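Written below as structure tokens is the structure these notes are about.
The values are calculated or read from the model by the stated rules, or taken from the named source; none is laboratory data. These numbers were taken from a predicted model, which means no experiment stands behind them. In this analysis, Cβ positions are derived from the backbone assuming ideal geometry, glycine residues included, and neighbour counts consider all displayed protein chains. Ligands, DNA and RNA are excluded from the accessible area calculation, which covers all protein heavy atoms including side chains. Shrake-Rupley method; radii C 1.70, N 1.55, O 1.52, S 1.80 Å.
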Amino acid sequence: MIRFSALSDRITVGTTQTTDLDITTQDCIIGSGCGGATLALRLAEAGRDVVILEQGGLHTAESGDLDQREDDMLAKIDGGRGLHASEDLTINFTYGRTVGGASVHYWADSYRTPADRLDMWAEEFRIEHHSLAELEPHFARIERDLHIEPAPDHLLNPLNRRLEQATETLGWHGHRVPQARSGCIGSGYCMQGCAYDAKQSQLVTSVPRALELGAHLICDARATTLVRNGKRITAVEGNLLDRGSGRTRARFRIGAERVFVAAGGFQTAPLLLRNGFGEELPALGARLYCNPCVMAHGFFAEPVDQFRGIPAGWGIDQFRLHRYDDNGAYIEGGYLLMPNQLQAGTLAAVLPGIGGDHQTLMARFRHFGGAIAWIDDLDPGRIEWDRNGRIRWHFSIGPRDRLVCRDAMRKGAQWLLAAGAEEVHLGDRARTVVRTPAELDVIDRFDFGPTDVVLAGPHPAGAAPMGRDPRTAVVDSEHRVFGTDNLYIADPSVFPTAVSVDPSVTIMAFSHRLADLLSS
Ligand SMILES: Cc1cc2nc3c(=O)[nH]c(=O)nc-3n(C[C@H](O)[C@H](O)[C@H](O)COP(=O)(O)OP(=O)(O)OC[C@H]3O[C@@H](n4cnc5c(N)ncnc54)[C@H](O)[C@@H]3O)c2cc1C
């Protein structure tokens, strides 16, 4: 078990602070997720003085904080307590607000960036220094550091095993999903924060390693102001927060030689927008990708216990790329397909219905097992910092993504039926249930509009894209914000598009690459 208590002299807990903080460092990093923590580790290894600012609290297995209760844990580790959504309520946004960021939440699926995506970013968006060859050593290190291995047999729950077999029945091909785990007991509570320190989130890997090397973590510390003098950021200012109420207890000021914003794909652009960077950089917040997740819920005669084991031990990548015919008409694909894992509270929230009917469904909880697809979205939303100082995420399913959502839901339902599901609940407002593949045509009528079905967006990207031209990009290929000398972005905001696979390894690899570029 990671002993944060042994590192307490490197940690300032904002929620207990009553006086203002004023300190100076070489490197100040805003955000402690995959992007920020990985960078902190690399900079600390290089001997730099590092301060990590994290607006969330420090919740650890050692302290008994990770109690596996969905309601409790969402409040502790999720940015919007699980309730944030796009402005028009099309999609629910889940993201981290805790030391370790969204990796404390995540499923630990750990894919290298596909070569075709890196090539596309280089060719279409003119990104330099991030080729497969340049990232490969970092992928190898991340895989070593996070113990990434294909999911082993003993961690697959009955739902995963059925879907693995159904893949063969359908003539599809899939794979054991690479997992970042060490000593996993398959409790099924990955999304609530691993109480066993087995999931290799940043909370148990890069953060403590960086602290051991001398980095200083300030949690419950929300950065609000990037103090600017010409092209240089001279300090980061913000509030130390009371963890329960979110009220300000004290202020902080961190003077720094270099500032790195790693506040995550939903929050980095708003921080820059509120600091006026949107006036110079029109691409800031102009695009938001999030890999919208489409779900279908199978009901099986036998218990499938999807809430045990690991979420996605088996996955289908055959449909990762969009396929079009010779005339450019969409055929299929544009998503990864996986078994779903939902604990009781979340399943209850996503299965439509109320009262006795809903109770009847939930009484059969052990028999429900779902499929989920992350759509490689083509129709981005946008992020706004409004006049009242509030973040607004605008995101709707556009015409191209609608076709992909339909195909993904159809394939997910087909997969569940092939795995032996007696019924598949599509989770739409009309509470549609299908029992045979022939009934799946009903999905062609789904619009995926606001509140039509439950969609989740866990993989934000693209709101501060990398490129060559400040008219169309926000950072250059060395992650530096155009028009500044010492302000950098280290999270998926810099990706020009979504990644087409789960993004954590790409985020970490980009931070490693940034550390290389800084040292050269
Ligand atoms: C439920 C769920 C499951 C997922 N499963 C997978 C998976 O299996 N595999 C995978 O690859 N990816 C997965 N992801 C996505 C992955 O976890 C994230 O893409 C990744 O962790 C994001 O890292 P990040 O560093 O960009 O941002 P984050 O992890 O969001 O970190 C940013 C941090 O910055 C802090 N912050 C924000 N603003 C401020 C501020 N103003 N001042 C101070 N701090 C601030 C936030 O509190 C946050 O902790 C999942 C995500 C979710 C939500």
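Looking at the range 49-88, which of its residues are over 19 Å from Trp393 (Cβ atoms), assigned to a strand (DSSP E or B) and not hydrophobic (A, V, I, L, M, F, W, C)? Residues satisfying the conditions are Glu54, Gly57. Out of all the residues in the range 469-506, which are charged (D, E, K, R), in contact with a helix residue (DSSP H, G or I) (Cβ under 8 Å, 6 or more places away or on another chain) and surrounded by fewer than 22 Cβ atoms within 10 Å (Cβ to Cβ)? Within the range 469-506, Glu478 is the sole residue that qualifies.
Residue selection: Phe125 satisfies the criterion of being more than 14 Å from the ligand (Cβ to nearest atom) and either aliphatic (A, V, I, L, M) or touching a strand residue (DSSP E or B) at 6+ places or on another chain (Cβ under 8 Å) (or both).
Of all residues in the range 199-223, those satisfying the criterion of being away from the ligand (no atom under 14 Å from the Cβ), of a type in the set (A, V, I, L, M) and either surrounded by fewer than 24 Cβ atoms within 10 Å (Cβ to Cβ) or assigned to a helix (DSSP H, G or I) (or both) are Leu211, Leu213. The condition of being within 16 Å of the ligand (Cβ to nearest atom), of a type outside the set (Asp, Glu), out of contact with any Pro (no Cβ under 9 Å at 6 or more places or on another chain) and over 30 Å from Arg222 (Cα atoms) holds for only one of Pro137, Pro114, that being Pro114.
Looking at Thr19, Thr25 in this structure, which one is open to solvent by 50 Å² or more (accessible area, probe 1.4 Å) and more than 13 Å from Pro208 (Cα to Cα)?
From the options Thr19, Thr25, the qualifying one is Thr19.
Scanning the range 1-38 for residues that are assigned to a loop (DSSP other than H, G, I, E, B) and either more than 27 Å from Leu487 (Cβ to Cβ) or within 14 Å of the ligand (Cβ to nearest atom) (or both) yields Met1, Ile2, Arg3, Thr18, Thr19, Gly31, Ser32, Gly33. Within the range 483-509, being of a type in the set (A, V, I, L, M, F, W, C) and within 13 Å of the ligand (Cβ to nearest atom) holds for Ile489, Ala490, Val494, Phe495, Ala498, Val499, Val501, Val505, Ile507, Met508, Ala509.
Pairs are defined by a Cβ separation below 9 Å, a sequence spacing of at least 6 or placement on different chains, a first member in the range 10-38 that is within 13 Å of Ala102 (Cβ to Cβ), and a second member that is of a type in the set (Asp, Glu) and surrounded by fewer than 16 Cβ atoms within 10 Å (Cβ to Cβ); no pair meets this definition. Which one of these is open to solvent by 60 Å² or more (accessible area, probe 1.4 Å) and of a type in the set (A, V, I, L, M, F, W, C): Ala140, Ala133, Ala180, Ala166? None of the others qualify; the one that does is Ala133. The single residue among Arg429, Arg480, Arg410 that is modelled with pLDDT under 95 and more than 16 Å from the ligand (Cβ to nearest atom) turns out to be Arg429. Sub-7 Å Cβ pairs linking a first residue in the range 439-466 that is more than 16 Å from the ligand (Cβ to nearest atom) to a second residue that is among the small types (Gly, Ala, Ser), at least 6 apart or interchain, are Leu440/Ala413; Val453/Gly427, ordered by first then second residue.
Okay, residues lined up against (1) of a type in the set (Ser, Thr, Tyr); (2) touching a residue at least 60 places away in the same chain (Cβ under 8 Å); (3) under 27 Å from Gly57 (Cα atoms); (4) part of a strand (DSSP E or B):
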| residue | (1), (2), (3), (4) |
| --- | --- |
| Ile233 | no, yes, yes, yes |
| Glu237 | no, no, yes, yes |
| Ala256 | no, yes, yes, yes |
| Gly278 | no, yes, no, no |
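Here is a list: Leu41, Leu53, Leu83, Leu58. Which entry is out of contact with any His (no Cβ under 8 Å at 6 or more places or on another chain), modelled with pLDDT under 95 and within 16 Å of the ligand (Cβ to nearest atom)? Give the steps one after another, and end with the answer.
Values: Leu41 fails: modelled with pLDDT under 95; Leu53 fails: modelled with pLDDT under 95; Leu58 fails: modelled with pLDDT under 95.
On inspection, the qualifying residue turns out to be Leu83.
Inside the range 326-381, residues that are open to solvent by 30 Å² or more (accessible area, probe 1.4 Å) and out of contact with any helix residue (DSSP H, G or I) (no Cβ under 9 Å at 6 or more places or on another chain) make up a count of 16.
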